[in-house]
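The values are calculated or read from the model by the stated rules, or taken from the named source; none is laboratory data. As the structure is a prediction and not an experimental result, all values here were calculated from the model. Every residue, glycine among them, receives a Cβ derived from its backbone with ideal geometry; neighbour counts consider all protein chains shown. Protein only, heavy atoms only, side chains kept; ligands, DNA and RNA dropped before computing areas. Shrake-Rupley method; radii C 1.70, N 1.55, O 1.52, S 1.80 Å.
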Amino acid sequence: METVEGVKRMHLVGGSLALDFINTRTGPPGGPSDDDVLTGYPELVAWGAYAGALTDTETAALHRLSRNDPDGARAAFARTLRTRDNLDEVFRPLAAGKSPSARALAQLRDDEADALGHAQLERGSTFVWAWREDRTLARPLRPVVHAAVQLLTAGALDRIKGCGGCRFIFIDESKNRSRRWCSMDDCGTAEKMRRYVAARRTRATR
Ligand SMILES: [Zn+2]
């Protein structure tokens, strides 16, 4: 059983809030997921805070709001999981060099329209979308959905890759586009270990 603290064991290696959101589910590459840190609304809020999508004030407000409206929180969490499935359907094909379905893209458009409908344009060095005034239970989802659209419209699609050792998706920002693993500490090390053991076995049988 995951806990609110459990979300912090997920490494944020996607390079985009949208990909890190997809990466809240773990498992082998290509197969179904075998673990999920998002087990309820409190975990969703904790993940949003951990991933830098929610301020401390927003996090506290959302925990309060969800305690006062448990049915609303359950519905918002169910919607979160559907959104994550949809983002998976958009980015997993892209990581494999294919195009996502028109249905998944249309759903993302609807989610983005809803997200921007609750945002304001705030001035920084450029204007940015912000959800400071959004007091709805869908608040944690808004920046995730927007990050997905930004990645699709302005990111380098050919840099979106799937890890060779697990189901994580990431943006390969390396100069020669040679990144193969979600992180060298996890899948990269596991692969090196496998190769080392295989090489030793080959030597031993000579
Ligand atoms: Zn991996």
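Numbers below:
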read-out	value
Set Asp110, Asp185: member being at pLDDT 90 or above, surrounded by 11 or more Cβ atoms within 10 Å (Cβ to Cβ), more than 15 Å from the chain's Cα centre (by Cα) and not hydroxyl-bearing (Ser, Thr, Tyr)	Asp110
Odd one out for His118 among (1) within 30 Å of Arg179 (Cα to Cα); (2) open to solvent by 60 Å² or more (accessible area, probe 1.4 Å); (3) touching a Lys or Arg at 6+ places or on another chain (Cβ under 8 Å)	(1)
Candidate set from region 1-53 (those that are open to solvent by 40 Å² or more (accessible area, probe 1.4 Å) and polar (S, T, N, Q)); member that is nearest to Val90 (Cα to Cα)	Ser33
Filter pass, Val90 being of a type in the set (Val, Ile, Thr) and either assigned to a helix (DSSP H, G or I) or within 19 Å of Ala130 (Cα to Cα) (or both)	yes
Set Arg67, Arg82: member being away from the ligand (no atom under 16 Å from the Cβ), open to solvent by 20 Å² or more (accessible area, probe 1.4 Å), at pLDDT 95 or above and farther than 24 Å from Val149 by Cα	Arg67
Residue ID - farthest from Gly6 (Cα to Cα), chosen from residues in region 21-31 that are out of contact with any strand residue (DSSP E or B) (no Cβ under 9 Å at 6 or more places or on another chain) and away from the ligand (no atom under 12 Å from the Cβ)	Gly31
Arg200 vs. criteria away from the ligand (no atom under 16 Å from the Cβ), over 30 Å from Gly72 (Cβ atoms) and touching a strand residue (DSSP E or B) at 6+ places or on another chain (Cβ under 9 Å)	no
Pair list, Cβ under 6 Å, 6 or more apart: region 12-30 residue within 16 Å of Asn86 (Cα to Cα), other residue open to solvent by 10 Å² or more (accessible area, probe 1.4 Å) and within 11 Å of the ligand (Cβ to nearest atom)	Asn23/Phe168
Criterion: touching a Phe, Trp or Tyr at 6+ places or on another chain (Cβ under 7 Å), not in a loop (DSSP other than H, G, I, E, B) and not polar (S, T, N, Q) - qualifying residue of Ala73, Ala78, Ala115	Ala73
Every residue from region 175-206 that is assigned to a loop (DSSP other than H, G, I, E, B) and of a type in the set (S, T, N, Q)	Asn176, Ser178, Ser183
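Here's the yes/no breakdown for (1) acidic (Asp, Glu); (2) more than 30 Å from Glu58 (Cα to Cα):
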{"residue": "Trp131", "(1), (2)": "no, no"}
{"residue": "Asp134", "(1), (2)": "yes, no"}
{"residue": "Arg139", "(1), (2)": "no, no"}
{"residue": "Arg142", "(1), (2)": "no, no"}
{"residue": "Gly155", "(1), (2)": "no, no"}
{"residue": "Gly165", "(1), (2)": "no, yes"}
{"residue": "Phe168", "(1), (2)": "no, no"}
{"residue": "Glu173", "(1), (2)": "yes, yes"}
